[in-house]
2 protein chains.
Amino acid sequence: MKPAYRPPVTVHQIARHLGVSAATVSSVLAHRHVERRIAPATVERIRAAAQSLGYIPNMAGRRLRAHRTATRQIDLAILTSFEAPLPLVGQALHALQRAVEVQSTADTRYAVAIEMFHAGRIREKTGLLDADRYHGVILTNTLPEDDRFLAEAALPYPAVILGRRIPGRCCVLEAPEFVGRRSAEILIDAGCRAPAVIHGRLLTHTTADRLAAFRHTLRERTGREPTVLVSEGLQPRHAAAAFEQHWARGGRVDGLFTVTDSLAIGAYRVFRDLGVRIPADVAVVGVGDYELAEFFAPPLTTVAGANEAMVAEAVPLLFRLLRGETVPPEVLVVPPVFLRESTRRHRPTAIGATKPAYPKRRSKRRER
Amino acid sequence: MKPAYRPPVTVHQIARHLGVSAATVSSVLAHRHVERRIAPATVERIRAAAQSLGYIPNMAGRRLRAHRTATRQIDLAILTSFEAPLPLVGQALHALQRAVEVQSTADTRYAVAIEMFHAGRIREKTGLLDADRYHGVILTNTLPEDDRFLAEAALPYPAVILGRRIPGRCCVLEAPEFVGRRSAEILIDAGCRAPAVIHGRLLTHTTADRLAAFRHTLRERTGREPTVLVSEGLQPRHAAAAFEQHWARGGRVDGLFTVTDSLAIGAYRVFRDLGVRIPADVAVVGVGDYELAEFFAPPLTTVAGANEAMVAEAVPLLFRLLRGETVPPEVLVVPPVFLRESTRRHRPTAIGATKPAYPKRRSKRRER
DNA sequence: GCAACAAGCTAAATGGATTTAGCTGGCGCA
DNA sequence: TGCGCCAGCTAAATCCATTTAGCTTGTTGC
């Protein structure tokens, strides 16, 4: 099944195979054959051999030798899960790239890689603990399973952890409980009496905290439990499916907190299809990591959007770690809150959860 | 100004500095000092020296030596511009990561890097032509300026080019003219008589083609020129600003083609604010690269969404190039077309461009 | 008093590609 | 014949970190 290990093909092997020297082979493969005056016939033979033997250059060897300019290459990486929303990864990438652009000099260049693992299964990621991969990483979107592994495992490179406390590591987090608490308060203030929260099946440290704080605050302030909807994934369609199911079972809500943005998009679609008006019938609070929230119809109130801020903190911390400086073990980011139309105060029309509580579409708003 | 070149600090320098051997230094810095029985005092001295001299390990050296497992590292990269929409980059990244996950074996590992340049200024990107960086790249989101540079420059690694024909390179493109033509046809069929198109100030080969084909088709089929709106960037707010300006000047349209998705988001917001109904007053056709189009209110008709399909073509091509196989110089992708509510057929209410042609909000739809 | 052993270190080899200096054989020319 | 020169190649050094085998001391056990 598994193919037998075959040692890599090197220029020396090609050289031996053809009865020429490694220097000649190297010259040809590096496209230096003209200035080195290699005979065209030899060039052809070497090219053919490289192709047929399946030669793949060893970049480590190349880099080690090539020392004209930009010798030093600093390898950075963003470690994230396949399941994480791409925009979040994109923001981190963008921030890191911008920093790298500034830091680059004639004799130091940077490479920013992305490394992806399956959520909850970071321990199965091979090569993660190799010391010869990266100078530093930003690690994000881990599940509790992953966190447990990371707490034990000794990552052999500096790392900044996003959204999770890991002992002995530099961590950047959303201020705990803030998002969940504020979103609950906003919904309560908007007059909601039967709010719900929707989250994906997989909870990161951050989303779990949001959920818990939302629940806690609601209980504390109103004595009630929120309806908790669990969607299969984080895509809009997952949220839509979860909500449709809830609705079909006769479940009703008059407020909704979505722990990620993509879920809010799905919820909006469902509400629209069902003729449920925002905010007249349901107030919605989202997270705002996508920069799209204000373009929703109606514009979405958001209590977070901390990803960008967290990344902005994390990147300089990573560079400080690279320089060997000591950094604070923990940085908290307080997310900005944007009150928009989706939570404009209203008297909810839905109280119970049994009868279809919402009037048909187009009915006038109760208040503005 | 520019700091003088300082040769990199190596383990040998640290060793000389302290009067110990490089082997000892290496043992300590690789956290092997316990098993190698290095005296605690020595460990401390070495650590302090490494810190104070600013030691940065040379990964190339490390990788070259470390040959227990996964010796072969294949370095891949996605080259894209800072200005490109992140979701497009994210899709490419995701597709490449999935492929890499499958291709990885015990003795071959992959690293996927992202390299960003400023749109139109790829020639200023240092190290781009170094042969010691990547085994292969996917190159996307270039402007004509960049393309000109690339056509001359000899990239020293295999490359798959997205959305652009470059002689001698493997290119994956949207079927030419398709998107522009279909979007024009859809708007015409929806009854639009004064359609517009909006695009960013910077046009890639792909977006320029969309624009030209849209124009051409419209002229051919109706004898009219479209209104062309140019937005500063590709963000929703840019589109919103451009459209608001057009509106303030008394410009009116009854159909809109947005050459990228993010522009459609901004347009939707403006229409909503102005009380312009989609599709009753304006039909909108977008591109659908973001997977969000069906969640718009109303769901957006899209004529493209080819990025994902293009990436799906490009990734296997890249691996074939790595294996030294010959690949077709050009692969055309025909984007799927999704007809949704935003272009439901209607008789346009706007004909001229001077008087406010749209009735106030809430007026009944003319037809369905 | 000597073997055995441990602690603490070092010398040298290694990995792959590249480059520099230099070698060899054939040719033209005086 | 002999010199210079060129095309076409090769040997060896180099980049940096790591690891293996082994070398000194000093100590313990008998």
| task | Find the helices (runs of 4 or more DSSP H) located wholly in segment B:43-159 whose residues include 3 or more that are at pLDDT below 90, more than 25 Å from A:Arg63 (Cβ to Cβ) and away from DNA strand D (no atom under 16 Å from the Cβ), and list them. | result | B:86-103
| request: Please work out which one of (1) open to solvent by 50 Å² or more (accessible area, probe 1.4 Å); (2) at pLDDT 90 or above is the condition B:Arg347 fails and give its number. | output: (2)
| query | Assuming B:Ala175 fulfils every condition listed in (1) touching a strand residue (DSSP E or B) at 6+ places or on another chain (Cβ under 8 Å); (2) more than 17 Å from B:Asp147 (Cβ to Cβ); (3) crowded, with 17+ Cβ neighbours inside 10 Å apart from one, which condition is it? | reply | (3)
| said: If B:Ala151 satisfies all but one of (1) open to solvent by 30 Å² or more (accessible area, probe 1.4 Å); (2) in contact with a Cys (Cβ under 8 Å, 6 or more places away or on another chain), what's the number of the condition it fails? | reply: (2)
| said: Being away from DNA strand C (no atom under 13 Å from the Cβ) and more than 29 Å from the chain's Cα centre (by Cα) is the requirement here; does A:Glu83 meet it? | reply: no
| said: Checking the structure you have, find out if any residue of segment B:48-56 is free of Cβ contacts under 8 Å to residues at least 24 places away in the same chain and within 15 Å of DNA strand C (Cβ to nearest atom). | reply: yes
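Could you say which residue among A:Ala39, A:Ala30 is out of contact with any helix residue (DSSP H, G or I) (no Cβ under 6 Å at 6 or more places or on another chain), within 10 Å of DNA strand C (Cβ to nearest atom), open to solvent by 30 Å² or more (accessible area, probe 1.4 Å) and not assigned by TED's automatic domain parsing to the domain that holds A:Tyr110?
Result: A:Ala30 is the single residue among A:Ala39, A:Ala30 that is out of contact with any helix residue (DSSP H, G or I) (no Cβ under 6 Å at 6 or more places or on another chain), within 10 Å of DNA strand C (Cβ to nearest atom), open to solvent by 30 Å² or more (accessible area, probe 1.4 Å) and not assigned by TED's automatic domain parsing to the domain that holds A:Tyr110.
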| task | Could you please give the count of residues in segment A:202-216 that are touching a His at 6+ places or on another chain (Cβ under 9 Å) and surrounded by fewer than 19 Cβ atoms within 10 Å (Cβ to Cβ)? | result | 1
| said: Looking at (1) among the hydrophobic types (A, V, I, L, M, F, W, C); (2) more than 20 Å from B:Gln235 (Cα to Cα); (3) away from chain B (no Cβ under 13 Å); (4) in contact with an Asp or Glu (Cβ under 7 Å, 6 or more places away or on another chain), which one does A:Val270 not meet, given that it meets all the others? | reply: (3)
| remark: Per the filter on segment A:105-125, residues more than 7 Å from chain B (Cβ to nearest Cβ) and either basic (Lys, Arg) or within 20 Å of B:Ala77 (Cα to Cα) (or both) are A:Thr108, A:Tyr110, A:Glu115, A:Phe117, A:Arg121, A:Arg123, A:Lys125
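The values are calculated or read from the model by the stated rules, or taken from the named source; none is laboratory data. Every value quoted in this text rests on a predicted model; they were computed, and no experiment measured them. Neighbour counts run over all protein chains shown; Cβ positions are idealised from the backbone, glycine included. SASA here: full protein model, heavy atoms, side chains in, ligands and nucleic acids out. Shrake-Rupley method; radii C 1.70, N 1.55, O 1.52, S 1.80 Å.
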